[in-house]
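First up is the structure itself, then whatever we jot down about it.
The values are calculated or read from the model by the stated rules, or taken from the named source; none is laboratory data. Bear in mind that the values here come from a model prediction, so they are computed numbers and not experimental data. In this analysis, Cβ positions are derived from the backbone assuming ideal geometry, glycine residues included, and neighbour counts consider all displayed protein chains. Areas reflect the complete protein model, heavy atoms only, side chains present, ligands, DNA and RNA absent. Shrake-Rupley method; radii C 1.70, N 1.55, O 1.52, S 1.80 Å.
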Amino acid sequence: MRLSAVLPVMLIAVLLATLFLGARVDDLGQAHSERARSIARQMATASEYGLFSANAVHLQGIAAGALRQTDVRSAVILNARGAVLATAGQPSYPLPALAGMEGEQHDDLRRTDVLWQPVMESALNVDGLFDVPEAGQRAKPRLLGHVVLEFSRVAVDRREREMLWLGLAVTLVGVALGALLASHLSRGVVTPIL
């Protein structure tokens, strides 16, 4: 009798916990990916002048600054030919094939994400500042190089485990309270009959 009273509560608690935990874990992974892409884009923008002027000191400062961000394991800045101009941290990956496009790789064994972002030359029209160029006149921006960042997923994994344990604890408390309530209600119905 008690099992039949507790089973619906248990089923609802488990289904709700699974649904909300799954959605939260997905949100956490998506937030990590968006943050990583944002840092890579910011680093690419900051590297434009250093790559244009071949200023290795400037580029080394940018690479070292990237390591101050949480979860960044390494940062590499390459010129358009693929030569390493600046590096910070210890890259634990082979450099990916860079083709002037942004991209990412995920290593589930090392729990890392490697992102690369092209650095394109910004076109600045100084002479005709207010002239509107025709569609055919715009030149394709020149590739100056790439930035490659390695991000750790350890903090994300730790947070996912914390959420799982918290969700499990809340589910168990909900099931226990539901069982107590079901037991109390079933006694209130059965006792007068006996």
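The magnitude of the dipole of the chain, with charges of +1 and -1 set on the Cβ of Lys/Arg and Asp/Glu and taken from the Cα centre, is near 700 debye. When Thr112, Thr70 are compared by accessible area of protein heavy atoms, the largest-first order is Thr70, Thr112, using a 1.4 Å probe. Projecting the Cα atoms of Leu115, Gln42, Ala176 onto the charge dipole of the chain (Cβ charges, centred on the Cα centre) puts Ala176 farthest toward the positive pole.
Ordering 71-80, 91-100 by mean Cβ neighbour count within 10 Å, with the highest value first, yields 71-80, 91-100.
Against the empirical curve 2.2 N^0.38 Å, the C-alpha radius of gyration of the range 1-112 lands at a ratio of 1.66. Taking all protein chains together and a 1.4 Å probe, the residues Met101, Met10, Met163 rank Met101, Met10, Met163 from largest to smallest accessible area.
Surface composition of the chain: carbon plus sulfur atoms contribute 64% of the solvent-accessible area (1.4 Å probe, protein chains only, all chains present).
The residues of the chain have, on average, 66 Å² of accessible surface per residue, using a 1.4 Å probe with all protein chains present. Kirkwood hydrodynamic radius of the chain, from the reciprocal of the average inverse Cα-Cα distance over all distinct pairs: 20.9 Å.
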